[in-house]
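Okay, structure first, notes after.
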There are 2 protein chains.
Amino acid sequence: MFFEGSEKKAEIWIEPSMASLRALPQSFWIKMVSLAKADILSQISNDQCDAYLLSESSLFVWDHKVVILTCGLSTLIDSVNDFINSLGTDNILFLTYQRKNEYVAHLQSSTFIDDITTLKQIVSGTACRVGHLDNHHHYIFTSGDVSLISAQDNTCEVLMYHISGVVADYLRTEQQSISKIYALLQLDELFAGFTYDAHLFTPLGFSINGIKDDLYYTIHITPQEKSSYVSFETNVDLNHSPSNIAAKLLAILQPRSWDIIGFNSVVAGPNMPENICLGHCSYPVKQGYNIHFSHYQQLCPEVLSPEFL
Amino acid sequence: MFFEGSEKKAEIWIEPSMASLRALPQSFWIKMVSLAKADILSQISNDQCDAYLLSESSLFVWDHKVVILTCGLSTLIDSVNDFINSLGTDNILFLTYQRKNEYVAHLQSSTFIDDITTLKQIVSGTACRVGHLDNHHHYIFTSGDVSLISAQDNTCEVLMYHISGVVADYLRTEQQSISKIYALLQLDELFAGFTYDAHLFTPLGFSINGIKDDLYYTIHITPQEKSSYVSFETNVDLNHSPSNIAAKLLAILQPRSWDIIGFNSVVAGPNMPENICLGHCSYPVKQGYNIHFSHYQQLCPEVLSPEFL
C-alpha cells in the first residue's frame, strides 16, 4: 500500500519575446510528461492557463511559464533537461527545481545531487538544502535572473504528513466521490470562482487542479495510513485572501507534521492543530526574492505503533 | 566533513553450556570485526568482560554474550551472519539486530530489509520499525527465546542529534584531549569505579568504552557541525543509578533532538534541555521483554541555515 507522495517540482519562466508556450502542440507536453514517467489524464483551460492533471501530479502552462510537479518514482529531471534544451538555454529567464524529502529516498532512481549535476551542465545556478537531513528537509536549485520576472510573483506550498480525523478517514474508504472530497475540503469556499479538474486514483489517492485567470491551486492526496502525504500549492496570495486557506486545510486534514515553503510568501502558522514550529529558515535567492521554510509538528505526543515488516 | 555516526548494533546470547566466548582466539574477533569493515584499535578487560574499541565503534564480549556496534558505512550484517554460522544456529539463545535511521541512508551498501533477508535464511525472528519514516525511526529484529536469558537484562540507548553548547564546541576544536572530554562529560562521577578506554579520531570524533564487573557503557561522538550525532549505551540500570545519567548527558551535550530506546528499561525524559516528546512506543517482543522508544525534540524553535551544496 506504500506510495511515495513527495514531489519533485520545476517552475520555469521563459523570455517574454518568445512565442507563447500554450501554442506548442499537445505532443510537446505529452513528451515532456512521459520523460518524467507520467501521463496526461485530463486538461482544463482558461484564457491565461492550461492545467493538466497527470498520472503523477500536475502541469500548468502559461504563455511564458510552466509549473510541473511529479510524485512517486517519476524522473522529473529528464523532463526539465529536455524542456530547456528544446527551448534553448538562452531563452530561460528563471528556473527553480525542488525535491521534497521522500519517505523512502533509496527507491528513487536519482538523488537531488545527481539531478543538479546534469542540470548544471546546461544552466548555472545555486543549490541548497533547508532543514536537517534527519528531519524534514527540502532541496532547491535556482537559476537565472529573478529581476526579469514579476516582483509580485509568489508561491506557497504546504506539505502535510500523517493526516488524521474524519476527512482523512473518508479518504481511506473504498467508496469515495470527487464531489464529496471537494465539499469536505471546502474548496468551493476557499477557491470561489475557480474552474477545477479532479481525479480519484485506484486504490487510493486524489488530485485536483484549479485555475482562475492566472491563478492556480493544486492538491494531491496520498492517504495511505502509514505514509500519508498531502501537498497543497498555490500562487494565490494567502496573506491577502479572505479565508486563511492554509490554516483551514490544516484544520481539516490534521496532519501530525507539516512544512510550509514560501517563495516571496510568508504564511502565518495556524492555531489548529495545536503545534510547535520546530525550525524555520528565510534566505534571499537574489535581491528581492526570498525563500521561507518552516517545519511544524503537533504539540500533542503521538503514540506510535511498531510497524511489523 | 560528513561522517555517518548512526550505528548498526547486534546483541547475541549463546547457550550457557557452550565454552566461554572469551576463550576464542583474538583472530576470531579480528575476523568478525573485519567483516563489518572495521578494525580493533585497543582492548580493556576485567574478570567478566573484554571491551574492544573499534575504528567504527565497539565490541563487548562476555562469556556467553556479545554486543557489537558499528557506524559509518560498516557492514555489520556480514559479521553477524558469520558469527552465527561459526557458533552454530542451534547455539544462539537470543539475538537482536538493530539499525538506527541514518543521515544519508542511500550511501549504505544495504538496507535493513536487505540485512534481515539474509539473516532470516539462518535464524527465524520478527522485524519491525518504530517511528515514522519521515522522522527518527529505528529497525529492530529479534530472534530466539528471551525466557532463557536473564529477566534482569536491560539496556538503554540514548541517541543524540545536533549537539550544541560549550562541550559541543570543544569537541569541534583541533586541540582536544581525552582527559578533558572525560572531565567535560563528567564520566568520573556518572560511572564511578569503571575502567575505561578512549580514542580520539582524526579529524574529529571520540569513542569511549567503560566496564565494571558485567556492566558496560559506551559513548561515540561524531561532532561534525551539520550532522552531529552522539550515541550513549549502557546496561547499567539507569532507574537505580544514583545520578540521572541520561539526563546529565543530555544537559551537557544539548542535542536538538534525541531518541531513547530501552530494552526492559523505561528512562524518564529529562527537564533540560526543555523538550517535547513527539512520539513514543512500547511493545513486548516476548512475554516479559519490552522495547520502549521515545523521540524528543527541544521546545525552542531552531533557526535553520540553508546548506549550500
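The values are calculated or read from the model by the stated rules, or taken from the named source; none is laboratory data. Since the model is a prediction, treat every value here as computed from it, not as a measurement. Glycine gets a Cβ as well: all are built from the backbone with ideal geometry, and neighbour counts include every protein chain shown.
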Worksheet item: For segment B:104-132, what are the residues that are farther than 20 Å from B:L35 by Cβ and crowded, with 19+ Cβ neighbours inside 10 Å?
Response: B:A127, B:R129, B:V130, B:G131, B:H132
Worksheet item: List the pairs whose first member sits in segment A:211-239 and is within 14 Å of another protein chain (Cβ to nearest Cβ), whose second member is of a type in the set (A, V, I, L, M, F, W, C) and surrounded by fewer than 18 Cβ atoms within 10 Å (Cβ to Cβ), and whose Cβ atoms are under 6 Å apart, counting only residues at least 6 apart or on separate chains?
Response: A:Q224/A:M1; A:S227/A:F2
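Assess whether A:F293 counts as being closer than 26 Å to B:F308 by Cα and touching a Pro at 6+ places or on another chain (Cβ under 9 Å).
Considered against the rule, which asks whether it is closer than 26 Å to B:F308 by Cα and touching a Pro at 6+ places or on another chain (Cβ under 9 Å), A:F293 comes out as yes.
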Worksheet entry | Evaluation of B:H199 against (1) under 21 Å from B:A251 (Cα atoms); (2) of a type outside the set (D, E, K, R); (3) within 21 Å of the chain's Cα centre (by Cα) (one fails), failing number | (1)
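Being of a type outside the set (D, E, K, R) and either more than 18 Å from the chain's Cα centre (by Cα) or closer than 27 Å to A:F293 by Cα (or both) narrows it down to one residue among B:H220, B:H280; which is it?
Working: B:H220 fails: either more than 18 Å from the chain's Cα centre (by Cα) or closer than 27 Å to A:F293 by Cα (or both).
Going through B:H220, B:H280 in turn, the sole match is B:H280.
How many residues does segment A:153-164 contain that are within 14 Å of chain B (Cβ to nearest Cβ) and surrounded by fewer than 17 Cβ atoms within 10 Å (Cβ to Cβ)?
Looking only at that region, the number is 1.
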Worksheet entry | Residue, nearest to A:V158 (Cα to Cα), within segment A:93-109, restricted to residues that are touching a helix residue (DSSP H, G or I) at 6+ places or on another chain (Cβ under 8 Å) and at pLDDT 95 or above | A:R99
Item to complete: Taking B:Q175 as meeting all but one of (1) farther than 19 Å from B:I44 by Cβ; (2) touching a residue at least 60 places away in the same chain (Cβ under 8 Å); (3) loosely packed, with under 12 Cβ neighbours inside 10 Å, write down the number of the exception.
Response: (2)
Worksheet item: Which one of these does B:E56 not meet: (1) farther than 23 Å from B:S17 by Cβ; (2) in contact with a strand residue (DSSP E or B) (Cβ under 8 Å, 6 or more places away or on another chain); (3) within 14 Å of another protein chain (Cβ to nearest Cβ)?
Response: (3)
Discussion item. Of everything in segment A:1-28, what is within 19 Å of A:E233 (Cβ to Cβ) and of a type outside the set (G, A, S)? Give them in sequence order.
Written reply: A:F3, A:E4, A:E7, A:K8, A:K9, A:E11, A:I12, A:W13
Worksheet item: Within segment B:16-50, can you find the residues that are surrounded by 14 or more Cβ atoms within 10 Å (Cβ to Cβ) and acidic (D, E)?
Response: B:D50
Worksheet item: Which residues, counting only those in segment B:294-309, are in a strand (DSSP E or B) and more than 7 Å from chain A (Cβ to nearest Cβ)?
Response: B:S294, B:H295, B:Y296, B:Q298
Worksheet, complete the sentence: By residue number, the members of segment A:178-213 that are of a type outside the set (A, V, I, L, M, F, W, C) and surrounded by 15 or more Cβ atoms within 10 Å (Cβ to Cβ) are A:Y182, A:Q186, A:Y196, A:D197, A:H199, A:G205, A:S207, A:N209, A:G210, A:K212
Worksheet item: Pick from segment B:280-293 the residues that are aromatic (F, W, Y) and at the interface with chain A (Cβ under 10 Å from one of its Cβ atoms): which of them is farthest from A:L133 (Cα to Cα)?
Response: B:Y283
Discussion item. Can you say whether A:V146 is out of contact with any Gly (no Cβ under 8 Å at 6 or more places or on another chain), of a type in the set (V, I, T) and under 27 Å from A:G279 (Cα atoms), as far as the supplied structure shows?
Written reply: no
